[in-house]
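The block underneath contains the structure these notes are about, expressed in structure tokens.
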Amino acid sequence: MADIASAVMQDPERNIGQLRQLAKISEGSDGVERPKVRKLALLTQLAVYKDIIPDYRIRELTATEKAVKVSKEVKAQRRFEESLVHLYKGYVTQLHRFVVKAAREFKQTPQDKDKLSWAHLGEVAVQCIGELLVAHPHFNFRNELIADVVYAYVQPPFRVQHPNYTRIAMLGRKYIEQLFQIDVSGEYAKEAAECASKRIKRFGGGFAIDPSCLRPWLKLRLRSELDANPEDRRREEREAELRHREYERRKIMRKKKGSTAALLEAKRGAKLSKKQKKIAKEQKAVERDLMQAEAEVRLEERTKWHEKTLSAVFVTYFRILKQYVAVRSKCEQLLPAVLEGLA
């Protein structure tokens, strides 16, 4: 497995097909049924995909684009991207099956050795899903990864509190919270919140879930995100640095007033015609307007995502409160978590 991983990472375009062998080992279809070997195969694939996934989303080419003649380099790149998406989809599907199987094994019945092995395999599967989601949230199949992580922790109490399943639920909550923290635009948080809200609704409107399922929403960055977005802060810091440099330059020039350097600077400034000065002034105004427009677009987009996130969260909270009024005994354990979220 180490040799395969090393070969693929050294030359992905040529050796990516070798990942199929790792997929067979983790599936157990090559005759290997030992859980430890299957877990190692899953983790090996995780390391490879985290290394070779590009910094952009790969989309399917249209028929027109496929018909266009391209160079050998472009053809090779397209083949690699097509193979990557195909193999990655198979890996994500495999992880999904393991998570679902691990959860379904833990019903309200006594455990056995087979269930314990599935719990360990499901734990590794959730770890792989979460690592991929946090490392490459921009890449293909993000919705599928979010759905699997949400599935892992939005479960009824008897399953979440089971000694051998608790770790899986904890990992699911951990990676969703990490996704909230790295989310700049608010789009990922919106998708995760809507997915969790829909799944909670399936459990009788919410009263059949464990209270810990609501905890990740406490990590949502909604209160101060619109006022102080990381992108805006970085842009403001760059502008402040430029203003400081300009201030220092002018300060030095004032000290050198009357010196040769100051006279030369004055002469260079005097050489600019009125027309050139007017053009320079107009260019600065256009750049300033463009920066303001971009900031407004980003703010408008973040506002849209955050509104949808809040809608999904508060609809769930009020649905649970409604159930609490109707069937108090069944929702009593969820009330503290709901009130904490609303606060």
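Numbers below:
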{"item": "Normalised contact order of segment 80-193, rounded percent, pairs of Cα under 8 Å and 6 or more residues apart", "result": "27 percent"}
{"item": "Whole-Hz ³J(HN,Hα) from phi, Karplus 6.51 cos²θ - 1.76 cosθ + 1.60, for segment 171-187, glycine and proline x", "result": "5, x, 5, 4, 6, 5, 5, 5, 4, 4, 6, 8, 6, 8, 7, x, 5"}
{"item": "Table column - 3J(HN,Hα) (Hz), segment 309-318, Karplus curve with 6.51, -1.76, 1.60, x for Gly and Pro", "result": "5, 4, 4, 5, 5, 6, 4, 5, 4, 6"}
{"item": "Sorted peptide list for 55-68, 165-178, criterion being average Cβ within 10 angstrom, highest first", "result": "165-178, 55-68"}
{"item": "Mean Cβ neighbour count within 10 Å, used as a protection proxy, ranking 7-17, 313-323 highest first", "result": "313-323, 7-17"}
{"item": "Shape call, segment 25-184: gyration tensor on alpha carbons, a/c limit 1.5", "result": "prolate"}
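Values quoted throughout were computed directly from the atomic coordinates according to the rules given, and no laboratory measurement underlies them. Keep in mind it's a predicted model, so treat the numbers as computed, not measured. We place every Cβ from the backbone using ideal geometry, glycine too, and count neighbours over all the protein chains shown.
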